[in-house]
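Read through the structure below, which is laid out as structure tokens, and then see the notes.
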Amino acid sequence: MLTVTTEALENCEVLMTVEVDEKRTDRLLQNAARRISRQVRIPGFRPGKAPYNVIVRRMGEEVVRNEALEDLSQSVFKEALEQAELEPYAQASLEDVTWDPLVMKARVPTAPVVELGDYGAMRLEVEPVEVSDEEVNETLEDLRREQAVWNPVERPAQLGDQVTMSVKEQAEDQVLAEEENVEYELTEVDEGSPGADLTTPLIGLSAGEEKEFSVSYPEDADPRYAGKEVTVSVEMHSVKEIELYPLDDDFAQSVGDFDTLEQLKENLREDIHQRKQRDADNELGQQALEQLIEDADRVDWPLVLEDEEIDQALDEQDRRLQQSGLNLENYLTIQKKTRDELREEFRPSVQERLRRSLVLGKFVELEGLSVEGHEITNQIDRMSLMAGEQGTEMRDALATPDGVRYVANDLITSKATERLVQIVKGEAEAEEETEAEEIETGIEMEAEAAAEVEIEADEEEIETEKEKETEEVEEIEAEIEAEIEIETDEEAETEAEADTETVASG
């Protein structure tokens, strides 16, 4: 017999205390001694046949008790979980075991608990999306440049030109890059823009000329260049200037199914509006998610889940380091940190990620959101198509179990964000009211249809009754007519007989 009690702890853990009765304890110890006697040769006894007392004297009571812990942590523990109606979220840990009486204490991790606030009443301020004439004109100018033609010129390069050249880059006698026929547009460089200024050194060069100059790259540049002084050698092959088409109806007709330039502008305006609306909704969705997390009444999870997430974060860090020729151990040595110190550095970000994931998962559950298989397939197709030449590699990567989970998670997150946007805009209530009205209208239409069917059935029944009555009347009339005919025939026969008798008597 087992006596099981539980005590709720912090971080989704339960301390389960199991007391085993004397009879069950003796059986556990007897079984443990029997296993020992099969494994250890006891002089004078066949394997598995040595008495319990002999084994205890020879091996010691502590050895037998430790062997009994195997049954205690398996069959007894499982039975105790069922009796306490506990479902471990992860492997439990043995806290303590005492004997006489036998009492076992174990920490049992339980599933995360998420209780959301009244998110249906959540509202956020929404700024209307507007598109200015300047934005339309800028987009129109970009489109105009896309359709432009580059014509070779016999003059030095100037701002706005496109040059074709051979380039060699090296730092500290190490060649970083060497390419032929590199096309580069000489655009104006802002003072505060990141990256190196390659435009200024090229201005003034003509086709056939060569030049060598130095460029300093910032620390946040490509790892090959970050923080380095790079020597650049160029040989100019050609200089081209741009020829832009005039903005008129002919231009509009050349870029799409438009008759006039105004139609093209209106189409660009609508495209810009849709893009800005998507961006605004995405930003609003992120704000709504942060509000949803902040308003949650409770978000708890077991520490074992947190530690698993930290392990994964460390593994990801190790993979990134290996791409640059290092590994996690090298990194720890360079940073003069221990693995435990790095784990604690990762903990806050992991906790934030877990909280976000659990809240989002609960929201998805409450809203009944899901992703179908065909949606995942279609998304993989779109992502592979967008990858261009890398499409096949992209498809192969996304077709793996991890890839499918990534796509599914991305899709469900998008659906959740869209739903949150509807809620904070107040559109969800309107949608629910519309659905309720549609359901009510459907019920009314079904009722009306049923009533019409019933009326038609009643009319058919009445018509059938009338037909039956008519048939009955006709049958009665036929019977009467038949009786009249019979009576008439009988009268005729009687008159004929009388006439016959009269003639005979005469």
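Points to keep in mind about this one:
- Residue in segment 165-173 that is modelled with pLDDT of 90 or more, aliphatic (A, V, I, L, M) and not in a loop (DSSP other than H, G, I, E, B) present: yes
- Among the residues of segment 76-97, those identified as open to solvent by less than 60 Å² (accessible area, probe 1.4 Å) and not in a loop (DSSP other than H, G, I, E, B) are VAL76, PHE77, ALA80, LEU81, ALA84, SER93, VAL97.
- Total residues in segment 1-37 satisfying the condition of being assigned to a strand (DSSP E or B), in contact with a Leu (Cβ under 8 Å, 6 or more places away or on another chain), under 18 Å from ASP100 (Cα atoms) and open to solvent by 30 Å² or more (accessible area, probe 1.4 Å): the figure is 1.
- Subset of segment 209-231 that is in contact (Cβ under 8 Å) with a residue 40 or more places away in the chain and part of a loop (DSSP other than H, G, I, E, B) - its residue that is nearest to the chain's Cα centre (by Cα): PRO223
To keep it simple, each residue is scored yes or no on (1) more than 30 Å from GLU243 (Cα to Cα); (2) in contact with a Phe, Trp or Tyr (Cβ under 8 Å, 6 or more places away or on another chain).
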position	(1), (2)
LEU81	yes, no
GLN91	yes, no
THR110	yes, yes
TYR119	yes, yes
SER132	no, no
VAL136	no, no
ALA148	no, yes
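For every residue, the table says whether it meets (1) touching a helix residue (DSSP H, G or I) at 6+ places or on another chain (Cβ under 9 Å); (2) within 30 Å of ARG278 (Cβ to Cβ); (3) among the aliphatic types (A, V, I, L, M); (4) modelled with pLDDT of 90 or more.
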| residue | (1), (2), (3), (4) |
| --- | --- |
| VAL20 | yes, no, yes, yes |
| LYS23 | no, no, no, yes |
| VAL54 | yes, no, yes, no |
| GLN91 | yes, no, no, yes |
| LEU124 | yes, yes, yes, yes |
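- Filter result for GLY391 (free of Cβ contacts under 8 Å to residues at least 40 places away in the same chain, touching a Ser or Thr at 6+ places or on another chain (Cβ under 6 Å) and under 30 Å from ARG224 (Cβ atoms)): yes
- Condition met for TYR245 (at pLDDT below 95, in contact with a strand residue (DSSP E or B) (Cβ under 9 Å, 6 or more places away or on another chain), assigned to a loop (DSSP other than H, G, I, E, B) and more than 30 Å from GLU130 (Cβ to Cβ)): no
- Residue match in segment 130-151 (condition: farther than 30 Å from ALA252 by Cα, in a loop (DSSP other than H, G, I, E, B), open to solvent by 70 Å² or more (accessible area, probe 1.4 Å) and not β-branched (Val, Ile, Thr)): no
- Against the conditions (1) in a helix (DSSP H, G or I); (2) modelled with pLDDT under 95, LYS337 satisfies every one except (1).
- Matching option when the condition is touching a strand residue (DSSP E or B) at 6+ places or on another chain (Cβ under 7 Å), surrounded by 12 or more Cβ atoms within 10 Å (Cβ to Cβ) and either among the aromatic types (Phe, Trp, Tyr) or not in a strand (DSSP E or B) (or both), among LEU358, LEU305: LEU358
- In this entry, VAL64 passes the filter for residues that are over 30 Å from LEU354 (Cβ atoms) and either assigned to a strand (DSSP E or B) or open to solvent by less than 30 Å² (accessible area, probe 1.4 Å) (or both).
- Residues of segment 131-153 that are at pLDDT below 95 and either more than 30 Å from SER238 (Cβ to Cβ) or touching a Ser or Thr at 6+ places or on another chain (Cβ under 8 Å) (or both): GLN147 alone.
Per-residue answers, yes or no, for (1) part of a loop (DSSP other than H, G, I, E, B); (2) out of contact with any strand residue (DSSP E or B) (no Cβ under 6 Å at 6 or more places or on another chain):
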| residue | (1), (2) |
| --- | --- |
| ALA207 | yes, no |
| SER233 | no, no |
| ASP257 | yes, yes |
| GLU266 | no, yes |
| ARG278 | no, yes |
| VAL299 | no, no |
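- Taken together, ASP249, ASP271 contain a single residue that is in contact with a helix residue (DSSP H, G or I) (Cβ under 7 Å, 6 or more places away or on another chain) and open to solvent by 50 Å² or more (accessible area, probe 1.4 Å), which is ASP249.
The values are calculated or read from the model by the stated rules, or taken from the named source; none is laboratory data. Note that the coordinates shown come from a computational prediction; the quantities given were computed from them, not determined experimentally. All Cβ positions, glycine included, derive from the backbone under ideal geometry; neighbour counts span all protein chains shown. These area figures cover heavy atoms from the full protein model, side chains too; ligands, DNA and RNA do not enter into them. Shrake-Rupley method; radii C 1.70, N 1.55, O 1.52, S 1.80 Å.
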